[in-house]
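Peer 1: There's a structure below that I have some questions on.
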Amino acid sequence: MLDWFKKRLGSKHQPIHPPWRAGQYVSYFLEREDGSWTAMAIRLQGQMEDGAWALSVDFKTSLGECTAWFRSDPGASLDATDPLPGRVERTRGAPMDGSAGVERLIQEPEMQTSMAMNLLMVRRWGAAKEALGGAAREVRYPCGIDQAYPLVTPVPGAGYQKHHDLNPRVMLTGVACLSINGGKNPITVTSFGWSDPKGSMPDSYDDFVDFSHPKRVDHEAFSLTYPATWFLRREEVEKSGLRTVTYATQLGGNTCAATLSVTLSHGAAAQVAAERDGIVDKLEALAESKEGDARRRAVDVPILSGDAAGFAFDFIGPAIDGSSANGVFRAEAGDRVAHISLFGCIAKANPRRDQTLAEMRAVFREIVESFQFT
């Protein structure tokens, strides 16, 4: 891809990332020297009537999660601030307490929004485009990024420098890593790609799912360990007399994708038992089916205790292969049942097929095994 950019546009005038398209995404993870951390996922939602782009950015820290919205104007002057931040909504965890001490405040997810600005503003700098015309250095970053173009910028009055490692494969930002003084507190890309809302296939296999940096997250009635850049969103419904709450996320792009859902149903013990048995029966029927594209796995199956039931499947299709893991849990009091479902798929033609499927199977099993009622 880098050679294509150079031939098409010339090394001194190439963009620092692929052209923006609705559905592009990129995720980052930061682990600081003091042990605190921030996960971030940026998604390009689309263009508004006036031509401006709308971006959503999810942030997660040990204290909770939030979603921030940004507006980017393609016609903004080079000396203007772009993108511009908009509303910020807390999506998990207690609201930010303005009276808390500084050490706690700086770990609130709402306080991380400047990170997105630091990554998104670079794309408009002339110095960034010039950096891509210079010499690359060898690196070892996720998503197969093995070279980067350094851009060092001093921060006036702060006594330190920002070090951007640029790579034009990275969607939305072109930034593979941002650190302070060449290595301190690095914000590193963990996935990127394109999930076309219309479902068309991309012209490359540069879309990834992040399976790294597992963190235990406490939700309202359960806790679960899963990659930090995965953001579960809550939806509540009434179903067959049970109060059912689903937490779900969809990840990846058009040739490599994954989903995670956790469905909890609350009710009388008899209803919960029937719901639990119904879920297990459906999974058993799928496992025993002699037809279709599902095959029950004998390895990487979740190992669960008590009456919890674990399942793992492979899915084989004409153009796409996939893997799935499921866990069905009932609370000791008998008033709750939880069904965890993970599914991932990748195009057969994707050169990372075997490696990605193996990673999915291992990570999916570990996620199911980590479930706990709270």
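Peer 1: How many of the residues in region 119-132 are closer than 15 Å to P150 by Cα and open to solvent by 40 Å² or more (accessible area, probe 1.4 Å)?
Peer 2: 6
Peer 1: Given the condition among the charged types (D, E, K, R), touching a residue at least 24 places away in the same chain (Cβ under 8 Å) and over 21 Å from V209 (Cβ atoms), answer yes or no: does some residue in region 289-302 qualify?
Peer 2: No - not one qualifying residue is present in region 289-302.
Peer 1: Another one. Residue check, G334 against (1) open to solvent by less than 30 Å² (accessible area, probe 1.4 Å); (2) on the phi < 0 side of the Ramachandran plot, all met but one. Which one?
Peer 2: (2)
Peer 1: Determine, yes or no, whether G98 is touching a Lys or Arg at 6+ places or on another chain (Cβ under 6 Å) and either open to solvent by 30 Å² or more (accessible area, probe 1.4 Å) or within 21 Å of D210 (Cα to Cα) (or both). Lay out the reasoning, then the answer.
Peer 2: Values: touching a Lys or Arg at 6+ places or on another chain (Cβ under 6 Å): no; either open to solvent by 30 Å² or more (accessible area, probe 1.4 Å) or within 21 Å of D210 (Cα to Cα) (or both): yes.
Judged against the criteria, G98 is not a match.
Peer 1: Is it true that W20 is surrounded by 15 or more Cβ atoms within 10 Å (Cβ to Cβ), of a type outside the set (G, A, S) and over 16 Å from the mean Cα position of the chain (by Cα)?
Peer 2: yes
Peer 1: From the list R216, R243, which one is among the charged types (D, E, K, R), within 30 Å of T61 (Cβ to Cβ), open to solvent by 40 Å² or more (accessible area, probe 1.4 Å) and modelled with pLDDT of 95 or more?
Peer 2: R216
Peer 1: Within region 265-275, identify whether any single residue is of a type in the set (S, T, Y) and either at pLDDT 95 or above or buried (at least 19 other Cβ atoms within 10 Å of the Cβ) (or both), and answer yes or no.
Peer 2: Initial filter on region 265-275 (of a type in the set (S, T, Y)): 265.
Checking which are either at pLDDT 95 or above or buried (at least 19 other Cβ atoms within 10 Å of the Cβ) (or both) leaves us with 265.
Within region 265-275, one or more residues are of a type in the set (S, T, Y) and either at pLDDT 95 or above or buried (at least 19 other Cβ atoms within 10 Å of the Cβ) (or both).
Peer 1: Give the residues of region 114-126 that are modelled with pLDDT under 95 and small (G, A, S), sorted by residue number.
Peer 2: Once the filter is applied, which keeps residues that are modelled with pLDDT under 95 and small (G, A, S), region 114-126 yields S114, G126.
Peer 1: Report those strands (runs of 3 or more DSSP E) wholly inside region 186-263 carrying at least 2 residues which are over 22 Å from E65 (Cβ atoms).
Peer 2: Counting at least 2 such residues, we get 233-239, 242-252.
Peer 1: Taking into account only those residues within region 146-177 that are β-branched (V, I, T) and either farther than 24 Å from V57 by Cα or assigned to a strand (DSSP E or B) (or both), which is modelled with the highest pLDDT?
Peer 2: V175
Peer 1: Any idea how many residues of region 339-359 are over 21 Å from E369 (Cα atoms) and either in contact with an Asp or Glu (Cβ under 6 Å, 6 or more places away or on another chain) or surrounded by 12 or more Cβ atoms within 10 Å (Cβ to Cβ) (or both)?
Peer 2: Residues that pass the stated criteria total 6.
Peer 1: Are any of the residues in region 280-297 part of a strand (DSSP E or B) and within 18 Å of the chain's Cα centre (by Cα)? Let's see the steps before the verdict.
Peer 2: Pass one, region 280-297, residues part of a strand (DSSP E or B): 294-296.
Then keep just the ones that are within 18 Å of the chain's Cα centre (by Cα); that gives none.
Taking every residue of region 280-297 in turn, none turns out to be part of a strand (DSSP E or B) and within 18 Å of the chain's Cα centre (by Cα).
Peer 1: Testing Q372 on (1) more than 24 Å from A228 (Cβ to Cβ); (2) open to solvent by 70 Å² or more (accessible area, probe 1.4 Å); (3) modelled with pLDDT of 95 or more, one condition comes back false. Which one is that?
Peer 2: For Q372, the failing item is (1).
The values are calculated or read from the model by the stated rules, or taken from the named source; none is laboratory data. These numbers were taken from a predicted model, which means no experiment stands behind them. FYI the Cβ positions are ideal-geometry reconstructions off the backbone, even for glycines, and counts take in every protein chain you see. Please note that ligands, DNA and RNA were not included when accessible areas were found on the heavy atoms of the full protein model with its side chains. Shrake-Rupley method; radii C 1.70, N 1.55, O 1.52, S 1.80 Å.
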